Amino acid sequence: MTTPVMQKLPYGVGQWGRGWFIIAVIAALITGFGLFAYSRQLIEGLAATGLGDIGTAGGSAWGLYIAFDVYFVGVSFAGITIAALIRLMNLERLKPVARMAEGLTIVSLVLAALMVIIDLGQPGRGIINLLRYARPQSPFFGTFTLVISAYLFASLVFLYLEGRRDAALCAQKPGKLQGFFRLWAAGYGDTREERERHNRTAWWLALFILPLLVTAHSTLGMIFGIQPGRPGWYSALQAPSFVVLAGVSGVGLLIVIVAILRKALRLEDKLDIQVFRWLGNFLWILTAVYLYFIIVDFLTANYSGGSREATIYGALTNGPYAWLFWLTVSMFILSFILMFGQFARRRYSITLVTIAGVLANFAAIGKRDVIVIPSQTHGTMLPYEAGTYTPTWVELTIILGLFALGALLYIVFTKVFPVMEVHDGKNETVAPAEETGKLQNNGTARKRMFVVTLLSGIALAVAGFLLAAPIGPTADPMYSDPRIPFAPLIFVIGIIVTILSPVVYELFPDKRGEKREAVKA
Amino acid sequence: MTEVARKQTEIPERKISRRDFMKKGGAAVALSAAGLVVGSRVFASPKEEPAAATGVKYAMVIDLDRCFGCRACMEACKVENNTPEGVFWMYVFRFEEGRYPNVKLSYMPRPCQHCDNAPCVKPCPVGARYKRADGLVATDWKRCIGCRYCEVACPYSVNYFNWGEQTKRQYLDWKAPEAESVRQVTGGTVPPYKNPDLAGAFKPENRYIAGGSHQKGVMGKCTFCVHRLDKGLLPACVANCPVQVYHFGNINDPESEVSKILRSKRAWRLLDELGTRPSVYYIGSVPPTPEFRQIEAVKGRTL
């Protein structure tokens, strides 16, 4: 206990250098611009954007906001998938990027939630009415509940539990953040039981998160894929391709962030080429699958000819969206070639992998745009004239501001918590919990509490879902109202309680001997 | 990386007895079957209405052989519903087909189709867009959150969003000085005109579905003039058509005008192949094909 194990907190935590402040100020300024643009939109309404009505007005009702919302949710894919895969498949090589990836997931989900609110015409009403009236029949229900509450919350719980050991380590060093770390560690003693318990919960949590992830990204694809009135959207391929494109953009952005942090925090020895090799290979495989989807989609739409899908593809390949479409496709191909070439030659370069990641992200953003917009401007089922959509400075500034906000959140995250697992076994150990207190493994009470939390969470979620989803024909006015108001809120709370159950399992206090009990009695 | 008890705990190989397997497997199968049943009920499309349904169910029959594209219905709709500039809850297509000199003209009014299986009702996240028992597809403008999902879901493109604060109605700026003078002369009854019936709640659900004052950030569309139906009047477009293109009535009543026409003439519904089952029927002429070109398209700036 007497030997100070670390002079400073690891990975620059708590050391706010000048460079960091400069970047933070720039990011805050851009966020401020974004806020200003949003204030314009609040005053003028969505008229401040380039959006317009589909049909006679020749516009696009959904534009960049929706495209970027989809993009932000997509990026969140990387973090939690990689963290979960490390847990489930023991991918030791990727362990150093697990925490960075979890951070990316959480930040991007926050941005996605904000993007949805920004897109609403009545943002204040939206927050209340969604909790009050949200209907499971709407694909948006999945976005609001699964993605933004369940997914975000599960990621937070995962990050929290995985970080407790490091928090306990950091809490040993005196400093401004000590209290925060102590709170995070929440009495973590690093005993054998605690470690085993954590391994167990993390494994199950990872197993739970993976299907949640596929469901969440599929729901997002379903927003588009199940609308028969929009040619170009209505496709069974939409949901799986959203999952894959989410992977492309997420892994791509993770590569970029890892490369930046590697330089900024001087982690060259810890983040070696092997990490980039793994991520890069992951990226090219996903990109190849996505290119395959594009080809299948193209052939299906164009083979018969004369269909409305062919009109959309005409606009894409040879019309007003041609430049964006071909730019997107060529960036996908370039990213794929860059990575596949390295794979085939078995020689990897960090710079090239990073470039492939950047390209994949620009391609993903472009692809989101050409999914969302042309089906509205050129995909009307009745012979309206083709429309146009040009985003205004308000939209662009708000989106830029969101990116800056994301960067700001992320760099704050790197300064308050180690971006990599701290312990390396030799000299970094948490002080073993005092054995004198006679720690008793209070197994049964712990398990009982866990099961109670889990079951009450599931019960609440099921009840909330059934109360929110009146079963009956559309013509019944019941169909539009939940059986009781705020049933969706019950559903969301149920999901959150369910996800909290592993926290209960891990944090349930051990009995500290009989002393306390005696005092109480 | 050195070993810090981060190793996965060794998983002992466990034998699963047959009884255990049957129990757990059976439970899993039962659970997923229950999930499928509930899911299919929640997300099911409404069944076709039974033939002998009771109560009023409104339907519109549009006789395209009579329509000559004067667009009086569009004008009537705008006056009645105070729709903002560039917004056409009722729209009349003027089509041209073929090549000069063998050109054919045709006209097709396009109100909201008030579908029985409305693509816009299903995805509304808050139930602001809903289907009434009398067949109307209504928009509760006090509940709408402005996500515009109904608009992208509608194959007919009949939705008009209130993108901004409405200052112009009836092509006259409400805040302009000349509007003030008109208001003084007419005592506020003629343009700039505001229909007071649009603001209220409507039975039986007591919801605000007549469009109100076109509040910023909510969706609007044809209401079949629910405020007029409430008083026993016909929708404005029906009442104002000079050549009686429109027939409107209760399709559940076999003696109503619409039922009689639909029995005697061959009718079609717009984009019926999508399974939307509209309440608007067309007789005469043919559905528009992709070869139809629009002439004199009305294109307005939506504020």
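A few notes on this one:
- Residue A:74 fulfils the conditions (1) over 23 Å from residue A:214 (Cβ atoms); (2) surrounded by 24 or more Cβ atoms within 10 Å (Cβ to Cβ); (3) not hydroxyl-bearing (Ser, Thr, Tyr) except for a single criterion, (1).
- The one condition in (1) within 16 Å of residue B:159 (Cβ to Cβ); (2) buried (at least 24 other Cβ atoms within 10 Å of the Cβ) that residue B:86 fails to fulfil: (2)
To keep it simple, each residue is scored yes or no on (1) outside any helix (DSSP H, G or I); (2) surrounded by 15 or more Cβ atoms within 10 Å (Cβ to Cβ).
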position: A:176; (1), (2): yes, no
position: A:183; (1), (2): no, no
position: A:197; (1), (2): no, yes
position: A:201; (1), (2): no, yes
position: A:207; (1), (2): no, no
position: A:211; (1), (2): no, no
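- Pairs linking a residue in the stretch A:329-353 that is more than 21 Å from residue A:317 (Cβ to Cβ) and touching a residue at least 40 places away in the same chain (Cβ under 8 Å) to a residue that is surrounded by 13 or more Cβ atoms within 10 Å (Cβ to Cβ) and of a type in the set (Lys, Arg), with Cβ atoms under 7 Å and 6 or more positions apart or on different chains, are A:348/A:277.
- In the stretch A:52-65, the count of residues that are over 30 Å from residue B:109 (Cβ atoms) and either part of a helix (DSSP H, G or I) or of a type in the set (Val, Ile, Thr) (or both) is one or more.
- Residue match in the stretch A:72-94 (condition: of a type in the set (A, V, I, L, M) and modelled with pLDDT of 90 or more): yes
- Enumeration of residues in the stretch B:125-142 that are in contact with a helix residue (DSSP H, G or I) (Cβ under 6 Å, 6 or more places away or on another chain) and facing another protein chain (nearest Cβ under 7 Å): B:125, B:126, B:127, B:130
- Unmet requirement for residue A:49, which otherwise passes all of (1) over 22 Å from residue B:166 (Cα atoms); (2) modelled with pLDDT of 90 or more: (1)
- Checking the stretch A:185-203 against the condition returns a match, with at least one residue being under 25 Å from the mean Cα position of the chain (by Cα), farther than 29 Å from residue A:291 by Cα and more than 14 Å from chain B (Cβ to nearest Cβ).
- Residue within the stretch A:318-326 that is in contact (Cβ under 8 Å) with a residue 12 or more places away in the chain and in contact with a Phe, Trp or Tyr (Cβ under 8 Å, 6 or more places away or on another chain) present: no
- If you go through the stretch A:227-274 and keep only what is within 14 Å of chain B (Cβ to nearest Cβ), at pLDDT below 90 and under 24 Å from the mean Cα position of the chain (by Cα), you end up with just A:271.
- Test: residue in the stretch B:77-95 that is among the aliphatic types (A, V, I, L, M), more than 15 Å from the chain's Cα centre (by Cα) and assigned to a helix (DSSP H, G or I): yes
- Among the residues making up the stretch A:100-132, those that are in contact (Cβ under 8 Å) with a residue 60 or more places away in the chain, more than 18 Å from residue A:46 (Cα to Cα) and within 11 Å of chain B (Cβ to nearest Cβ) are A:130, A:131, A:132.
- Of the residues making up the stretch A:392-413, those that are surrounded by fewer than 20 Cβ atoms within 10 Å (Cβ to Cβ) and under 30 Å from residue A:293 (Cβ atoms) number 3.
- Filtering the stretch B:115-162 to residues that are in a loop (DSSP other than H, G, I, E, B), within 9 Å of residue B:219 (Cα to Cα) and not acidic (Asp, Glu) leaves B:141, B:144, B:145, B:146, B:147, B:148, B:159, B:162.
- Test: residue in the stretch A:434-446 that is modelled with pLDDT under 85, in a helix (DSSP H, G or I), aliphatic (A, V, I, L, M) and not assigned by TED's automatic domain parsing to the domain that holds residue A:53: yes
- Those helices (runs of 4 or more DSSP H) of the stretch B:176-280 in which 1 or more residues are loosely packed, with under 14 Cβ neighbours inside 10 Å and out of contact with any Leu (no Cβ under 8 Å at 6 or more places or on another chain) occupy B:177-186, B:226-230, B:257-264.
- Residue check, residue B:292 surrounded by 15 or more Cβ atoms within 10 Å (Cβ to Cβ), touching a strand residue (DSSP E or B) at 6+ places or on another chain (Cβ under 8 Å) and more than 14 Å from chain A (Cβ to nearest Cβ): no
- Long-range neighbours under 7 Å by Cβ, at least six apart or interchain, first residue over 23 Å from residue B:280 (Cβ atoms) and at pLDDT below 90 within the stretch B:84-103, second loosely packed, with under 15 Cβ neighbours inside 10 Å and among the hydroxyl-bearing types (Ser, Thr, Tyr): B:85/B:171
- Qualifying residue in the stretch A:79-90 (condition: in contact with a helix residue (DSSP H, G or I) (Cβ under 9 Å, 6 or more places away or on another chain), within 29 Å of residue A:44 (Cβ to Cβ) and within 13 Å of chain B (Cβ to nearest Cβ)): no
- Some residue of the stretch A:92-99 being of a type outside the set (Lys, Arg), assigned to a helix (DSSP H, G or I) and at the interface with chain B (Cβ under 10 Å from one of its Cβ atoms): yes
- Within the stretch A:292-310, none of the residues are closer than 18 Å to residue A:67 by Cβ, buried (at least 23 other Cβ atoms within 10 Å of the Cβ), in contact with a helix residue (DSSP H, G or I) (Cβ under 9 Å, 6 or more places away or on another chain) and assigned by TED's automatic domain parsing to the domain that holds residue A:246.
The values are calculated or read from the model by the stated rules, or taken from the named source; none is laboratory data. Here the structure is a predicted model, which means the values were calculated and not measured. Cβ coordinates were reconstructed from backbone atoms using ideal geometry, including for glycine residues, and neighbour counts include every protein chain displayed.
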